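Comments concern the structure below.
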Amino acid sequence: MVVKICKDYDAMSRVAANIFAAQIITKPGSVLGFATGSTPEGTYKELVKMYKEGLISFKGVTSFNLDEYVGITRSNDQSYYYFMHHHLFDHVDINESNVNIPNTGGNLQDECMDYERRIKAAGGIDLQIVGIGNNGHIGFNEPCDNFVENTNVVELQQRTIEANARFFDSIEDVPTKAVTMGIGTIMRAKKVVLVASGEGKADIIRDIVKGKITPMAPASVLRFHNDVTVIVDRAAASML
Ligand code: F6R
């Protein structure tokens, strides 16, 4: 695990975007794994800028998102489908038929199996970006007794619901379930970039970089991966 400490959020976003740009330039047909949440917004902004400057193209890219809520439609502005189009896909030349976000509108178990099948058929994920929850979750893999292997349906923990309530009119509107790639799905990505920003993430960053590797702090598993870059700003690194 390589840890890069950047001076602030914008610098963190540029470093993460540069890793994606290098990936796309060296392999235009890359399979990219995306995350939602506040943290990668700056990274996506940088990627859109690079695209508009003619530095990168998403024409050959296939994408897989980490997760999606259950119980809201894709057209809801809080869906991760909406988020990805709003922050990235609508502004670059990615082919919509190559965009994969868990479809939570039908049979969830079938979708979980099919999502794994689609990732495999695409040749696996070359580069995956993840944010981290205050409780150490990656995707929506919440702290629990074991590392879950594949894409699965999860009940969100109260802490996650509270953290995500800032995006909704009221806490009652926050979905309580999601479909998420499993820890195994994330670990099978060839490269992983974890981004974290702000003081609020400092203790969990310390735990996953220096603490025990345990499914109770799911992101700690990334220390077993052979190509992980943790990109943090100074505030998130303040307890290292
Ligand atoms: C989102 C996701 C979540 C977030 C995490 C951090 O697709 O998988 O794990 O990355 O909850 O969210 P922010 O960046 O909003 O602090």
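Remarks
- DSSP-loop trypsin sites (Lys or Arg not before Pro) across segment 1-74, with at most 11 other Cβ within 10 angstrom: Lys7
- The length gained on full extension between Asp203 and Asp145, counted as 0.36 nm times the residue separation minus their Cα-Cα distance, comes to 18.8 nm.
- Percent of Cα pairs exceeding the 21 Å cut-off, where the set is the chain: 54
- Legend: P(r) of segment 69-149 from all alpha carbon pair distances, 5 Å bins from 0, whole percents, reading 3, 11, 17, 24, 26, 15, 4, 1, 0.
- Segment 75-138, dipole about Cα centre (Lys/Arg Cβ +1, Asp/Glu Cβ -1), debye to the nearest 20: 200
- Between the listed residues Tyr82, Ala219, Thr151, the Cα displaced farthest toward the positive end of the dipole of the chain, a dipole computed from Cβ unit charges relative to the Cα centre, is found at Ala219.
- DSSP beta bridges in segment 1-151 [antiparallel fraction, %, rounded to 5]: 10
- Using θ = phi - 60° and Karplus 6.51 cos²θ - 1.76 cosθ + 1.60, couplings along segment 73-78 (whole Hz; Gly, Pro as x): 7, 4, 7, 5, 6, 9
- Mean projected area of the Cα convex hull of segment 2-41, taken over all directions, amounts to 3.4 nm².
- Approximate spin-label separation Ile25-Lys210, in nm, with each point projected 7 Å along Cα-to-Cβ: 3.5
- Chain lengthening between Ala121 and Asn107 when straightened (0.36 nm per residue, less Cα-Cα): 3.0 nm
- Kirkwood-Stokes translational diffusion coefficient of segment 1-136, alpha-carbon pairs, 20 °C, 1.002 mPa s, µm²/s: 137
- Annotation: amide H-H contacts under 5 Å for Met216 (H modelled 1.01 Å from N, sequence separation of 5 or more, or interchain): Cys144.
- Listing Ile132, Ile161 from fewest to most neighbouring C-beta atoms within 10 Å gives Ile161, Ile132.
- Evaluating 6.51 cos²θ - 1.76 cosθ + 1.60 at θ = phi - 60° for every residue in segment 126-135, the Karplus couplings come out as 7, 9, 10, 9, 10, x, 9, x, 4, 9 Hz, glycine and proline recorded as x.
- Förster-model FRET efficiency, 22 Å R0, Met1 and Asn134, C-beta, rounded to 0.05: 0.65
- Residue separation of Asn95 and Asn76 scaled by 0.36 nm, minus their Cα-Cα distance, works out to 4.7 nm of gained length.
- Column: log10 I(q)/I(0), Debye, Cα scatterers of segment 155-240, q = 0.17, 0.22, 0.25 Å⁻¹: -0.86, -1.18, -1.24
- Across segment 220-232, computed HN-Hα scalar couplings (Karplus, 6.51 cos²θ - 1.76 cosθ + 1.60, θ = phi - 60°) run 4, 4, 4, 5, 7, 7, 8, 9, 10, 10, 9, 10, 10 Hz from first to last residue, x flagging Gly and Pro.
- For Leu66, Leu55, order by how many other beta-carbon atoms lie within 10 Å, fewest first: Leu55, Leu66
- Nonlocal amide H pairs with Val230, under 5 Å, H built at 1.01 Å: Val2, Val3, Lys4, Leu194
- Counting every other Cβ atom within 10 Å of each residue's Cβ, Asp90, Asp126 order from fewest to most as Asp90, Asp126.
Only the coordinates and a few stated rules stand behind these numbers; no lab work does. Everything numeric in this text was worked out from a predicted model, so none of it was measured. Note that we place each Cβ from the backbone using ideal geometry, even for glycine, and neighbour counts take in every protein chain shown.
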